[in-house]
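Visitor: Provided herewith is a single structure, encoded as structure tokens, for subsequent inquiry.
The values are calculated or read from the model by the stated rules, or taken from the named source; none is laboratory data. Remember, predicted model here, so these are calculated numbers, not experimental data. Please note: Cβ atoms are built from the backbone with ideal geometry, for glycine as well, and neighbour counts cover all protein chains shown. Note: areas computed on protein heavy atoms with side chains; ligands, DNA, RNA excluded. Shrake-Rupley method; radii C 1.70, N 1.55, O 1.52, S 1.80 Å.
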Amino acid sequence: QVQLLESGGGSVQAGGSQRLSCRASGDTFSSDCLAWFRQAPGKVRERIGTAYIGGRTYYADFVKGRFTISQDNAKNTVYLEINSLKPEDTAMYYCAAGVGRPCTYNNWGQGTQVTVSS
């Protein structure tokens, strides 16, 4: 079992940037991917992007270059940088670990709230 802990959320003004972190601990070797999701109130959960461990990163179409996922393997951490934040980006942001190809997500963090004010 891998444990995931998101951090870095908070309130930010529109147009700004935010860098979220997802720290993985425990049985990190059991995961093939780490991904970022978000869910706004009243909306479905969206996958932002998936980083395959030791492989490529794939992004959802809506990202349009504003979201960047990076990895620090030494720290077992995956980051999500959001640029040019919009009020519509306000959501709970989750990281998830998964297995397989494509990944099936079986472990989720508790989420970190990002609130973008106009």
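Visitor: Considering only protein heavy atoms and a probe of 1.4 Å, how much of the accessible area of the stretch 1-77 is carbon and sulfur, as a whole percent?
Guide: Carbon and sulfur: 47 percent of the exposed surface of the stretch 1-77.
Visitor: Let me ask you something else. Looking at the chain, what % of its DSSP beta bridges pair antiparallel, to the nearest 5?
Guide: Antiparallel bridges: around 90 percent, rounded to the nearest 5.
Visitor: What percent do you get for the relative contact order of the chain when only Cα pairs under 8 Å and 6+ apart count?
Guide: Relative contact order for the chain comes out at 36 percent.
Visitor: Normalised by the empirical 2.2 N^0.38 Å for globular proteins, what value does the Cα Rg of the chain take?
Guide: 0.99
Visitor: Kirkwood hydrodynamic radius for the stretch 2-66: how many Å is it when counted over pairs of different Cα atoms?
Guide: Roughly 13.7 Å, rounded to one decimal.
Visitor: Using a 1.4 Å probe, what is the accessible area per residue for the chain, in Å²?
Guide: Each residue of the chain exposes 54 Å² on average to a 1.4 Å probe.
Visitor: Which peptide among 1-10, 41-50 comes first, and what is the full order, when sorted by highest mean count of other Cβ atoms within 10 Å?
Guide: 1-10, 41-50
Visitor: At Q13 and S70, where each label point lies 7 Å from the Cα along Cα→Cβ, what is the point-to-point distance in nanometres?
Guide: Simple spin-label model gives 2.5 nm for this pair.
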